[in-house]
Amino acid sequence: MWIMKKGIAFAGTLLVDKLLCIDTWPQPGTYTKINSETQSMGGLVSNCAIDLAKLDSTMPVKALGYLGEDEFGAYALAELAKYPSIDTSHIWREQTTAYTLVMTTNNGERTFIGDPGDATYFAPSHFDFDQLECDILHIGYLLILGDLDEPDADYPTGLCRVLADAKAHGIATSIDVVSAASVRFASVVVPALAYTDYCIVNEIEAGHCTEMLLRDADGQLLMDNFEPCLKRLAELGVGRWIVIHTPEMAMGYDVLTQTLHTEAVKPAPVVVSAVGAGDAFATTILYGAYNAWPLAKAMQAAVIVAAYSLASSDASGAIEPFATIMASQTN
């Protein structure tokens with residue numbers, strides 16, 4: 001059994017979210033009211049790093065990404081500094097910080113409009129695996145990673161080079177993808193699967209990777225397609241765990257044991273916003289992998305933590321220590 005002791009590193013999108021709660025998404029030429037406006041950390045790096053620091057303050061956490069030499073960048077570093085277990089020494093500072101307008105309607109639907117800032121310059125050269133100590137490297141979101149999404153001289157993409165280099169240094173790799181209807185899935189996401197140990201995606205992203213429909217036009221899950229989709233992702237190269245999560249359920253595949261596990265999502269006690277729920281789910285899956293749990297146990301915990309995260313308007317505000325969250329299930 002592989003004993004992990006060096007923690008988890010999160011790399012990729014690092015930004016600030018401007019959270020706007022609105023009545024409804026407006027049609028062209030119409031008006032909608034902003035009911036509240038807040039600011040919080042956003043992006044995979046901050047969401048996952050803060051989630052993990054709050055779940056288990058004893059685990060080493062590394063944050064890798066870009067922040068600007070601006071007000072947003074100073075705010076982001078100050079927020080990360082609240083958690084002693086998060087190492088921010090691998091964050092680069094340039095001119096402008098990426099930010100996203102996150103608009104949530106009264107029925108919980110979200111729309112994102114983003115400015116990538118200088119994060120588009122994040123490249124393979126920023127990863128020094130002789131200096132980065134971690135057991136798992138989780139990178140996202142593919143399709144909006146700037147130079148990492150671009151072709152490489154020796155690999156399909158710069159990200160493939162990074163993942164291959166990580167694996168050569170004995171680091172397990174994990175990826176997450178942005179939910180976008182992009183023709184670049186075939187050229188950016190699919191090649192990365194061959195260098196990936198843990199693939200944690202939603203039904204939209206999994207469907208684009210495999211060209212399999214997992215939800216029909218009426219919004220119903222096509223359950224018969226999930227197992228073939230998971231096994232197709234394994235054929236494309238994912239080495240250990242593949243997990244597809246949806247608001248209704250999650251299904252995972254352990255590639256090494258060739259076993260499937262399905263976990264239903266229980267109604268959340270409090271729902272304020274779904275911002276960051278996917279990252280809370282992924283973080284818990286990786287927390288389980290780090291602690292050598294079986295996939296079934298990791299998925300059971302992940303759906304609970306993701307549901308718990310819904311009680312806040314920002315990504316990590318509702319997260320508490322893992323033991324506290326688990327204890328809430330018996331109360």
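A few remarks follow.
- Scanning the stretch 205-237 for residues that are free of Cβ contacts under 8 Å to residues at least 12 places away in the same chain and either within 19 Å of VAL178 (Cα to Cα) or crowded, with 16+ Cβ neighbours inside 10 Å (or both) yields one hit, GLU211.
- Of all the numbered requirements in (1) in contact (Cβ under 8 Å) with a residue 40 or more places away in the chain; (2) out of contact with any helix residue (DSSP H, G or I) (no Cβ under 7 Å at 6 or more places or on another chain), LEU55 misses one, and that requirement is (2).
- Of THR257, THR284, all but one fail to be assigned to a loop (DSSP other than H, G, I, E, B) and either touching a helix residue (DSSP H, G or I) at 6+ places or on another chain (Cβ under 8 Å) or open to solvent by 30 Å² or more (accessible area, probe 1.4 Å) (or both); the exception is THR257.
- Leading residue by the ranking (modelled with the highest pLDDT) among those in the stretch 1-42 that are charged (D, E, K, R) and surrounded by 14 or more Cβ atoms within 10 Å (Cβ to Cβ): LYS6
- Strands (runs of 3 or more DSSP E) contained in the stretch 49-120 and holding at least 1 residues at pLDDT 95 or above and open to solvent by 20 Å² or more (accessible area, probe 1.4 Å): 61-68, 86-94
- Evaluating ALA181 against the criteria (1) more than 28 Å from LEU256 (Cβ to Cβ); (2) at pLDDT 95 or above leaves one unmet condition, (2).
- Condition met for ARG184 (basic (Lys, Arg), surrounded by fewer than 19 Cβ atoms within 10 Å (Cβ to Cβ) and closer than 23 Å to GLY43 by Cα): yes
- Among the residues of the stretch 205-219, none qualifies, meaning not one is in contact with a Ser or Thr (Cβ under 9 Å, 6 or more places away or on another chain) and closer than 16 Å to GLY239 by Cα.
- Tally of residues being closer than 30 Å to ALA78 by Cα and either over 26 Å from the mean Cα position of the chain (by Cα) or part of a loop (DSSP other than H, G, I, E, B) (or both) across the stretch 23-41: 2
- In a residue-by-residue description of the stretch 127-146, the property of being in a strand (DSSP E or B), among the small types (Gly, Ala, Ser), under 15 Å from LEU64 (Cβ atoms) and in contact (Cβ under 8 Å) with a residue 40 or more places away in the chain applies to at least one position.
The values are calculated or read from the model by the stated rules, or taken from the named source; none is laboratory data. Being a predicted model, the structure only gives us computed values, none of them experimental. Cβ: placed from backbone, ideal geometry, glycine included. Neighbour counts: every protein chain shown. Protein only, heavy atoms only, side chains kept; ligands, DNA and RNA dropped before computing areas. Shrake-Rupley method; radii C 1.70, N 1.55, O 1.52, S 1.80 Å.
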